[in-house]
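Student: Take this structure, written in structure tokens, and hold onto it; I'll ask about it next.
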Amino acid sequence: MRREIPLVITFVVGMIVLLARIFTAADGGEFILAKWAGELTDWVIIVSAFAVGLASVNLFRIHGDIVARKRPGWINSLTLLAAIVVFAVIGIAARFGAGPFFSELNQNLYDSIISPLGAAMFAILAFYIASAAYRAFRMRNLEASVMLFAAILVMLGRAPVGELIWNQFPSIANWLVDIPNTVGQRAIMIGAAIGGFATSLRILLGIERGHLGGVE
Amino acid sequence: MDWKKLQNIDRRIIYILLILATAVPMIRPLAIPLSTGPSVHKFYQIMDAIPAGEKVLFSLDYAPSGAPDVHPQALAVMKHMMNKGVGVVFISFWEAGPMFGEQLIRAYEEQGYEYGVHFANLGYVPGGESAIKRFGEDVAGQVSRDFRNNPVSSLPIMQGIKDTRDFAAVICFSAGNPGVQEWVRQVQGPLGINLLAGAVTVSVPQYMPYVDAGQVKAMLAGLRGAAEYETVSGNPGPSVAKMDAQSLGHLIIIAFIIVGNIAFFMDKKKQ
Amino acid sequence: MNISTDIWTWIAALGTIAMFSFIFKENPVYRWCEHLYVGAAAGYAISVNAKSIADKAWTPLTQDGKIVLLIPCIFGILLYARFIKSIAWLSRWPMSFLVGVGSGLAIFGVVNSQLLQQIKATLLPLNSINNIIMVFGVLSILLYFFFSMEHRGAVKYGASVGRWIMMITFGVSFGNVVMGRISLLLGALERILGDWLGMV
Amino acid sequence: MTIMAGRVTFLFTVLIMGAIVLIGVNMSQAGKWTPKIRRLAGLDAVEEAVGRATEMGAPVHFSPGIGNISDDSAPQTFAGLEVLAYVTELTAKYNTEIIVTIRQPNVFPLAQEIVRQSYLAAGRPDMFQEDTVQFLSSEQFAYAAGVMGIMNRRRIAANLMMGAFWAESLLFAEAGAQVGAIQVAGTAAMAQLPFFVAACDYTLIGEELYAAGAYLSQDKVKLGSIGSQDIVKGITMVIILVGSLLATADITIIKDLLSK
């Protein structure tokens, strides 16, 4: 029982979702499988919502422990825990209609903390793309050199200043993006699709069980 | 010279130079000439041919993370539409979208343009692809109150709008999914709307097939697309200034690659 | 210069600078902001998900009598069974549910849009240099991905051509996104130089 | 009930590929066919990385990516978790700490269970701690900020990233390089491969990620599956070659079949 039921659940819901994308009602009306598949995707949202609570328990345990034992950096952990509580309470108040004060505060907190900190982390990529290029693009061997020249040609073709140097850079860059780039993307995608299919199939059919953490 | 050391140059020097190379031209633009591509010209011509008094729909499908690449496009097209007297309606299928709609409106409200007449923000509709489909077929049926909580039926700009075919053009400013692909699949295909796209740079190759097939009439590509649009419409603005920063940023990175390789070869020769 | 007087703008600008400081050196200010950010995002996620449980499960269950929604709610609660040793095994039910939906969706997604569409797009008439590069390029890379045979002889030659083409692809993609990434930096600089300091 | 327009080929493709994979797996399990996997430098590097972490007395960081288990990115996440099981046993053997960071709440219980079981299998259940598997944040860049902080403060010696990644790929790879960690990455996310290739010591490209579990565990089911995948690839190559030759002669029969 303990082993079989999870495998049956996986198989049944997986097949419903898959078959709903292949078959349809003969008369063009509403199709029962499509309805169930839609229902199941809603269920995923619900179950995932519960999982957020579970994962948050982990945050509370790890950082609660640090605060309780006054380990180094406990002030940071305390900040983290306080932020969870404050954002959760204000967010819930705002979302469940506690009035415009909470809605506005929630929006301001999002706009001035979560959103700019996220944008700043994302923007760090500009620095890292520069240092990665500096470190990695050395003509160590043929492969590395090919990669380096392709990257430089495309950069010169994209920046307005490239055109000032030589007006053919943009068309070279376009060709590189359209042809060799597409070739690589396509082939890697085909290979990965075959691998992804086999992995999903083994799980769907219960041949692979490791993802459930082994068998007790 | 110590070539080894130059090969492993402190990366912080790269970072500081990159900040300088991008911040300085933002404060003092250099006006490096910018050529404009056929795709942007086509985009401009389509938008410019829309007569005053008509309305267009902006689907603002991006979040703060992708905004630096896409929002400037919306700004540039918005300016063009306001100058022409074409009404703009905003909708979003991303939670953060309506905030950008408000940002676009703010400057014009200060100049005396009127909410509900020249523009309206219909807010966010959850539900991704299926929401886009339903909204495409029945605008008023999906959104009864706008982002500012006015009944949509009370807005003068929304009079006579039943489905998305009633807009002279629909422009999806998109940083991913749901976005251009969903608009093509669910609305452009079935209804044949006049669909244009503003895309983040990374998505451009992915959307090219739709442009080739004519499902997307024209596309702006990233920040450069915005800068070209500003140039074509004769109002060089913030995006054009940013292109100077782009040029210097690219040059700095290329210069570092070259320096790194010189150091690499000189070091090898010495050994 | 025209420095902002809005407190939220100040918070956003100082937060941006704190995050940027990481690239120079991990430091106490970054560490504090990192913890604040992780906590804030977690709290925000809790509120968003509480709302979706209310909208997607509770309201339809209690108001429209949609009893079937009890199943996902029970699944959701079973996730917590792992904290009680004797019934911990029950927490595998919701996991196998999620995994089932995922593998069903993935089979459709990868086979339809990645495999079939990409194969179809590669069936080109061999009448131009570009098309020939396209077809034989794809074939040589696929050759590289053969795992169950050693790369020897003609296979080795074909597979190494495949590797070179992949390297060009990576170089091109790398160069192609530099502009997008610098745009992000410009967006953050605008927040500091423009919104906050009023210099732009 | 009828087949949707344009899905006939899809149905037959799934049936044929499914049959090939199942036959391969069965033959391999029965010992009739044992495909051997060629050497993959990136995977040999995994053991090297764990070994170096042991020498330096510093922890190993592992991320199964930021994809979910209930959408299109699921197969990559599963492949990453397969590698996690192997790496955990390896760290148990070497008595080295592993830190697993998680972005998806759904993936968190799975990863925790896998690590717990792997420690058990290696006879070291005592090594499992509450903070071995850490959920950080479901917000992409908050997760990234947390991971970068951990890599720096814990001075990790090895950084293993296997699964579906988005823009944070380069953030991790550069932050890892900054602390001098050996880095092995694997992903089928096309857009991120260039950054891993440029910034990591070894990168598993696309399908190599799916071969990783089989290569590391030498499990018969997985090996049979890899062998079958090669057969499917061979058939694909023939279809592409014949299809293009026919297209050159203006015969579009294969292309039309694929559109059915």
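The values are calculated or read from the model by the stated rules, or taken from the named source; none is laboratory data. Since this is a predicted model, take the numbers as computed values, not measurements. In this analysis, Cβ positions are derived from the backbone assuming ideal geometry, glycine residues included, and neighbour counts consider all displayed protein chains. Accessible surface areas use protein heavy atoms only, side chains included; no ligands, DNA or RNA. Shrake-Rupley method; radii C 1.70, N 1.55, O 1.52, S 1.80 Å.
Student: Considering each of C:L197, C:L189 in turn, give the residue that is closer than 30 Å to B:P72 by Cα, more than 7 Å from every other protein chain (Cβ to nearest Cβ) and of a type outside the set (F, W, Y).
Tutor: C:L197 is the lone residue from the list that is closer than 30 Å to B:P72 by Cα, more than 7 Å from every other protein chain (Cβ to nearest Cβ) and of a type outside the set (F, W, Y).
Student: Here is a further query. Residue check: is A:A34 outside any helix (DSSP H, G or I) and either polar (S, T, N, Q) or away from chain C (no Cβ under 11 Å) (or both)? If you could, list the steps in order and put the result at the bottom.
Tutor: Values: outside any helix (DSSP H, G or I): no; either polar (S, T, N, Q) or away from chain C (no Cβ under 11 Å) (or both): yes.
Against the criterion (outside any helix (DSSP H, G or I) and either polar (S, T, N, Q) or away from chain C (no Cβ under 11 Å) (or both)), A:A34 does not qualify.
Student: Given the condition more than 30 Å from D:Q183 (Cα to Cα), polar (S, T, N, Q), open to solvent by less than 60 Å² (accessible area, probe 1.4 Å) and at the interface with another protein chain (Cβ under 10 Å from one of its Cβ atoms), answer yes or no: does some residue in the range D:12-19 qualify?
Tutor: Yes; the residues of the range D:12-19 include at least one that is more than 30 Å from D:Q183 (Cα to Cα), polar (S, T, N, Q), open to solvent by less than 60 Å² (accessible area, probe 1.4 Å) and at the interface with another protein chain (Cβ under 10 Å from one of its Cβ atoms).
Student: Is it true that some residue in the range A:146-164 is hydrophobic (A, V, I, L, M, F, W, C), open to solvent by less than 40 Å² (accessible area, probe 1.4 Å), under 26 Å from D:L209 (Cβ atoms) and more than 7 Å from every other protein chain (Cβ to nearest Cβ)?
Tutor: No, the range A:146-164 contains no residue that is hydrophobic (A, V, I, L, M, F, W, C), open to solvent by less than 40 Å² (accessible area, probe 1.4 Å), under 26 Å from D:L209 (Cβ atoms) and more than 7 Å from every other protein chain (Cβ to nearest Cβ).
Student: Being at the interface with another protein chain (Cβ under 7 Å from one of its Cβ atoms) and of a type in the set (S, T, Y) is the filter here, so list the residues in the range C:1-43 that pass it.
Tutor: Result: C:T16, C:Y37.
Student: For residues in the range D:99-138 being among the charged types (D, E, K, R) and more than 8 Å from chain A (Cβ to nearest Cβ), which is surrounded by the most Cβ atoms within 10 Å (Cβ to Cβ)?
Tutor: The selected residue is D:R103.
Student: Next question. Mind checking which helices (runs of 4 or more DSSP H) fall wholly inside the range B:177-267 and carry at least 1 residues that are aromatic (F, W, Y) and free of Cβ contacts under 8 Å to residues at least 40 places away in the same chain?
Tutor: B:204-212
Student: Do you know which residues across the range C:159-183 are surrounded by 18 or more Cβ atoms within 10 Å (Cβ to Cβ), at pLDDT 90 or above and of a type in the set (A, V, I, L, M)?
Tutor: Of everything in the range C:159-183, those that are surrounded by 18 or more Cβ atoms within 10 Å (Cβ to Cβ), at pLDDT 90 or above and of a type in the set (A, V, I, L, M) turn out to be C:A159, C:I165, C:M166, C:M167, C:I168, C:V172, C:V178, C:I182.
Student: Select, from C:I141, C:I119, the only residue that is in a helix (DSSP H, G or I), touching a Gly at 6+ places or on another chain (Cβ under 9 Å) and touching a residue at least 24 places away in the same chain (Cβ under 8 Å).
Tutor: C:I141
Student: In the range D:152-175, how many residues are under 17 Å from A:I62 (Cα atoms) and either more than 9 Å from chain C (Cβ to nearest Cβ) or open to solvent by less than 10 Å² (accessible area, probe 1.4 Å) (or both)?
Tutor: 1
Student: For the structure I just gave you, tell me whether A:E143 is out of contact with any Leu (no Cβ under 7 Å at 6 or more places or on another chain), open to solvent by 20 Å² or more (accessible area, probe 1.4 Å) and more than 7 Å from chain C (Cβ to nearest Cβ). Explain how you work it out, then say what you get.
Tutor: Numbers: out of contact with any Leu (no Cβ under 7 Å at 6 or more places or on another chain): yes; open to solvent by 20 Å² or more (accessible area, probe 1.4 Å): yes; more than 7 Å from chain C (Cβ to nearest Cβ): no.
The answer is no for A:E143.
Student: Find all pairs meeting these conditions: Cβ atoms under 6 angstrom apart; at least six residues apart or on different chains; first residue within the range C:70-84 and farther than 12 Å from C:F97 by Cα; second residue of a type outside the set (V, I, T) and in a helix (DSSP H, G or I).
Tutor: As it stands, the answer is C:C73/C:A57; C:A81/C:A88; C:A81/C:L90; C:A81/C:S91; C:R82/C:A88; C:R82/C:S91, since those pairs meet every condition given.
Student: While we're here: Could you say whether any residue in the range C:60-67 is among the small types (G, A, S), outside any helix (DSSP H, G or I) and surrounded by fewer than 19 Cβ atoms within 10 Å (Cβ to Cβ)?
Tutor: Keep residues of the range C:60-67 that are among the small types (G, A, S), which gives C:65.
In the following step, the residues that additionally are outside any helix (DSSP H, G or I) were identified as C:65.
Next, only the ones that are surrounded by fewer than 19 Cβ atoms within 10 Å (Cβ to Cβ) stay: C:65.
Looking for residues that are among the small types (G, A, S), outside any helix (DSSP H, G or I) and surrounded by fewer than 19 Cβ atoms within 10 Å (Cβ to Cβ), one finds at least one in the range C:60-67, hence yes.
Student: Do you know which residues across the range C:144-158 are at pLDDT below 95 and assigned to a helix (DSSP H, G or I)?
Tutor: Passing the criteria: C:G153, C:A154, C:V155, C:K156, C:Y157, C:G158.
Student: Next question, about the same structure. Is it true that some residue in the range B:109-122 is part of a helix (DSSP H, G or I) and open to solvent by 10 Å² or more (accessible area, probe 1.4 Å)?
Tutor: For the range B:109-122, residues part of a helix (DSSP H, G or I) and open to solvent by 10 Å² or more (accessible area, probe 1.4 Å): present.
Student: Hey, which of the helices (runs of 4 or more DSSP H) in the range B:1-73, taking only ones fully inside, have at least 1 residues that are surrounded by fewer than 21 Cβ atoms within 10 Å (Cβ to Cβ), within 13 Å of chain C (Cβ to nearest Cβ) and on the phi < 0 side of the Ramachandran plot?
Tutor: In the range B:1-73, B:11-27 are the helices (runs of 4 or more DSSP H) which contain 1 or more residues that are surrounded by fewer than 21 Cβ atoms within 10 Å (Cβ to Cβ), within 13 Å of chain C (Cβ to nearest Cβ) and on the phi < 0 side of the Ramachandran plot.
Student: Scan the range B:237-251 for residues that are at the interface with chain A (Cβ under 7 Å from one of its Cβ atoms) and open to solvent by 10 Å² or more (accessible area, probe 1.4 Å) and jot them down. Spell out how you get there, then give the answer.
Tutor: Here is the first cut: in the range B:237-251, the ones at the interface with chain A (Cβ under 7 Å from one of its Cβ atoms) are B:243, B:246-247, B:250-251.
Of everything in the range B:237-251, just one residue is at the interface with chain A (Cβ under 7 Å from one of its Cβ atoms) and open to solvent by 10 Å² or more (accessible area, probe 1.4 Å), namely B:L251.
Student: Quickly run through the range D:66-98 and pick out the residues that are within 11 Å of chain C (Cβ to nearest Cβ) and either surrounded by fewer than 24 Cβ atoms within 10 Å (Cβ to Cβ) or of a type outside the set (V, I, T) (or both).
Tutor: So in the range D:66-98, the residues within 11 Å of chain C (Cβ to nearest Cβ) come out as D:67-78, D:81.
Scanning the range D:66-98 gives D:G67, D:N68, D:S70, D:D71, D:D72, D:S73, D:A74, D:P75, D:Q76, D:F78, D:L81.
Student: Scanning for something more than 25 Å from B:P64 (Cα to Cα) and either facing chain C (nearest Cβ under 7 Å) or open to solvent by 20 Å² or more (accessible area, probe 1.4 Å) (or both), does the range A:109-129 turn up at least one residue?
Tutor: Looking for residues that are more than 25 Å from B:P64 (Cα to Cα) and either facing chain C (nearest Cβ under 7 Å) or open to solvent by 20 Å² or more (accessible area, probe 1.4 Å) (or both), one finds none in the range A:109-129, hence no.
Student: Further, regarding this structure: More than 27 Å from the chain's Cα centre (by Cα) and basic (K, R): is that true of C:K85 in this structure?
Tutor: Against the criterion (more than 27 Å from the chain's Cα centre (by Cα) and basic (K, R)), C:K85 qualifies.
Student: Still on this structure, I have one more. Here is a list: C:A54, C:A106. Which entry is open to solvent by less than 60 Å² (accessible area, probe 1.4 Å), more than 7 Å from every other protein chain (Cβ to nearest Cβ) and not polar (S, T, N, Q)?
Tutor: C:A54
Student: Right, something else. If the requirement is being at the interface with another protein chain (Cβ under 7 Å from one of its Cβ atoms) and assigned to a helix (DSSP H, G or I), which of these qualifies: D:I254, D:I231, D:I235?
Tutor: D:I254
Student: Kindly indicate which of A:V67, A:V52, A:V89, A:V85 is within 25 Å of C:L69 (Cα to Cα) and either open to solvent by less than 40 Å² (accessible area, probe 1.4 Å) or assigned to a helix (DSSP H, G or I) (or both).
Tutor: One residue alone meets the criteria, A:V52.
Student: Given the options A:T79, A:T10, A:T41, name the one that is at pLDDT below 90, open to solvent by less than 70 Å² (accessible area, probe 1.4 Å) and not acidic (D, E).
Tutor: Numbers: A:T79 fails: at pLDDT below 90; A:T10 fails: at pLDDT below 90.
After ruling out the rest, the residue left standing is A:T41.
Student: Applying the selection to the range A:97-108, what residues are more than 7 Å from chain C (Cβ to nearest Cβ) and either surrounded by 13 or more Cβ atoms within 10 Å (Cβ to Cβ) or at pLDDT 90 or above (or both)?
Tutor: The answer is A:A98, A:F101, A:F102, A:S103, A:L105, A:N106, A:Q107.
Student: Please identify the pairs in which a residue from the range B:114-136 that is acidic (D, E) has its Cβ atom under 9 Å from the Cβ atom of a residue that is in a loop (DSSP other than H, G, I, E, B), counting only partners at least 6 apart or on another chain.
Tutor: What qualifies is B:E129/B:F93; B:E129/B:N177; B:E129/B:P178.
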